[in-house]
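*Asks:* Pasting a structure here, questions to come.
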Amino acid sequence: GLATADILVGDVNPSGKVVDTWAKSYDDYPSSETFNESSSYVNYTEDIFVGYRYFETLDPNYNKVNYPFGYGLSYTTFEIDPVEVSFDNENVNISATVTNTGDVSGREIVQVYFSAPQMGKNPDDPKLSKPAKELAAFDKTEMLEPGASETLEMSFPITDMSSYDDTGATGHKSAYVMEAGNYDIYVGNSIKDAGEQGVRDTYTLDETIVTEQLSEKLAPVQLPKRLLADGTYQEIETPPAF
């Protein structure tokens with residue numbers, strides 16, 4: 001209570017960000033259709049499209065969203081510029097300069113997202129359905145006085161942009177793969193802001209590669225279908241239950 005009062009009267013400048021998407025209605029969450037308190041089993045047909053991954057992919061205009069993932073308020077304003085992205089043999093490297101453009105001191109969080117090549121309908125298109133954007137890295141400034149700047153250095157492994165192929169659609173069953181195509185990098189102070197700022201740079205793969213080969217364990221036995229990025233559902237052949 002005291003912490004909340006300090007923020008409301010302006011003794012403390014908030015700098016947190018929401019860690020989920022706040023939708024306008026409970027019915028806007030995909031799990032609301034399948035969750036049933038009277039059942040002992042829930043079919044999570046939304047599959048990988050959970051939280052912000054669902055809304056970013058299936059509601060790109062934020063018609064169902066009150067507060068997007070990574071959103072937060074402050075008593076001051078910030079500018080994130082310049083932003084530089086580079087690639088080495090193993091990592092995506094991001095440099096972002098944050099300037100306090102307001103009248104009071106505060107802290108800002110810079111968020112880095114990527115988009116992977118999306119599944120298509122043509123034979124040469126990627127085979128896996130993916131979220132429109134995924135969080136890859138983030139960092140927070142120190143307390144910045146009005147007019148002060150700080151440059152944040154962030155990085156994440158290129159292989160973090162892999163997708164899991166559980167059925168062998170890419171020819172690599174039970175493996176993390178990076179499909180051929182463009183991997184766009186976005187930077188902002190929320191997932192929505194990052195998208196509005198546009199693509200900062202692009203990592204391109206000429207051919208699909210396997211980044212980690214695994215083996216199948218505990219495959220679902222009661223999941224009849226799962227959601228795809230275009231809003232349709234893929235029927236699933238499930239193994240016999242034990």
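The values are calculated or read from the model by the stated rules, or taken from the named source; none is laboratory data. Because the structure is predicted, anything quoted here is derived from the model rather than measured. Note: ideal-geometry Cβ built from the backbone for every residue, glycine included; neighbour counts use all protein chains shown. Heads up: the accessible areas ignore ligands, DNA and RNA and are worked out on the full protein's heavy atoms, side chains in. Shrake-Rupley method; radii C 1.70, N 1.55, O 1.52, S 1.80 Å.
*Asks:* What value, in deg cm²/dmol to 500, does the helix sum -39500 (n - 2.57) over DSSP H runs of n ≥ 4 give at 222 nm once divided by the residues of the chain? Spell out each step's value before the answer.
*Replies:* Details: 3 runs with 21 residues, N = 242.
Result for the chain, helices only: -2000 deg cm²/dmol.
*Asks:* I need the peptides 107-117, 87-97 ranked by packing, meaning the mean over residues of other C-beta atoms within 10 angstrom, with the highest value on top. Numbers along the way, then the final one.
*Replies:* Values: 107-117: 22.4, 87-97: 15.6.
Taking the mean over residues of other Cβ atoms within 10 Å, the ranking is 107-117, 87-97.
*Asks:* Enumerate the calculated ³J(HN,Hα) couplings along region 143-154 in order (Karplus 6.51 cos²θ - 1.76 cosθ + 1.60, θ = phi - 60°), each rounded to whole Hz, writing x wherever the residue is Gly or Pro.
*Replies:* Result, ordered by residue: 5, 10, 6, x, x, 7, 10, 8, 9, 9, 10, 10 Hz.
*Asks:* For an R0 of 22 angstrom, estimate the FRET efficiency from the Cβ-Cβ distance between residue 91 and residue 166 and round to the nearest 0.05.
*Replies:* Working: r = 27 Å, r/R0 = 1.21.
Given R0 = 22 Å and the Cβ-Cβ separation, E is 0.25.
*Asks:* Now a separate question. Whole Å is fine, so just give me how far the alpha carbon centre of region 25-99 lies from that of region 193-242.
*Replies:* So the separation of the two Cα centres works out to 16 Å.
*Asks:* Between residue 6 and residue 143, what FRET efficiency follows from the Cβ-Cβ distance if R0 is 22 Å, with the result rounded to 0.05? List each step's numbers first, then the result.
*Replies:* On the way: r = 15 Å, r/R0 = 0.68.
It comes out at approximately 0.90.
*Asks:* Let me ask another. How long is the gain from residue 22 to residue 212 if the chain were fully straight, where each residue apart is worth 0.36 nm and the alpha carbon distance is subtracted? Can you show the working numbers first?
*Replies:* Working: separation 190, 0.36 × 190 = 68.40 nm, distance 3.38 nm.
Value of the extension gain: 65.0 nm.
*Asks:* Suppose every Lys and Arg Cβ carries +1 and every Asp and Glu Cβ carries -1, with no other charges. What dipole size does the chain come out with about its Cα centre, to the nearest 20 debye? List each step's numbers first, then the result.
*Replies:* Values: 16 positive and 41 negative charges, 134 e Å.
That gives a dipole near 640 debye.
*Asks:* Return the subset of 17/127; 130/225; 133/217; 64/130; 173/217; 17/225 for which the Cα-Cα distance in this structure is over 23 Å, preserving the input order.
*Replies:* Numbers: 17/127 34 Å; 130/225 16 Å; 133/217 27 Å; 64/130 20 Å; 173/217 12 Å; 17/225 33 Å.
From 17/127; 130/225; 133/217; 64/130; 173/217; 17/225, over 23 Å: 17/127; 133/217; 17/225.
*Asks:* Taking all protein chains together and a probe of 1.4 Å, list 41, 29 from the most accessible to the least accessible. Please list the in-between numbers first.
*Replies:* Numbers: 41 90, 29 70 Å².
Final ranking, largest accessible area leading: 41, 29.
*Asks:* Follow-up. Give me the percent relative contact order of region 27-78, please, defined on Cα pairs under 8 angstrom at least 6 residues apart.
*Replies:* After rounding, I find 22 percent.
*Asks:* Relative contact order for the chain: what is it in percent, counting Cα pairs under 8 Å that are at least 6 residues apart?
*Replies:* 18 percent
*Asks:* OK, next. Extension gain residue 124-residue 66, at 0.36 nm per residue separation less the Cα-Cα distance, in nm?
*Replies:* Details: separation 58, 0.36 × 58 = 20.88 nm, distance 3.78 nm.
Taking residue 124 through residue 66 to full extension adds about 17.1 nm, to one decimal.
*Asks:* Another question, if that's okay. Starting from the alpha-carbon convex hull of region 21-119, give the projected area averaged over all orientations, in nm². Each step should come with its number before you reach the end.
*Replies:* Numbers: hull surface 40.3 nm².
If you wrap the Cα atoms of region 21-119 in a convex hull and average its projections, you get 10.1 nm².
*Asks:* Kirkwood hydrodynamic radius for region 50-177: how many Å is it when counted over pairs of different Cα atoms?
*Replies:* Values: mean 1/r = 0.0586 Å⁻¹.
One decimal place: 17.1 Å for the Kirkwood radius.
*Asks:* Another question, if that's okay. Report relative contact order for region 87-205 in percent, whole number only (criteria: Cα-Cα under 8 Å, sequence separation at least 6). Mind dumping the intermediate values first?
*Replies:* Values: 247 pairs, mean separation 35.8, N = 119.
The normalised contact order for region 87-205 reaches 30 percent.
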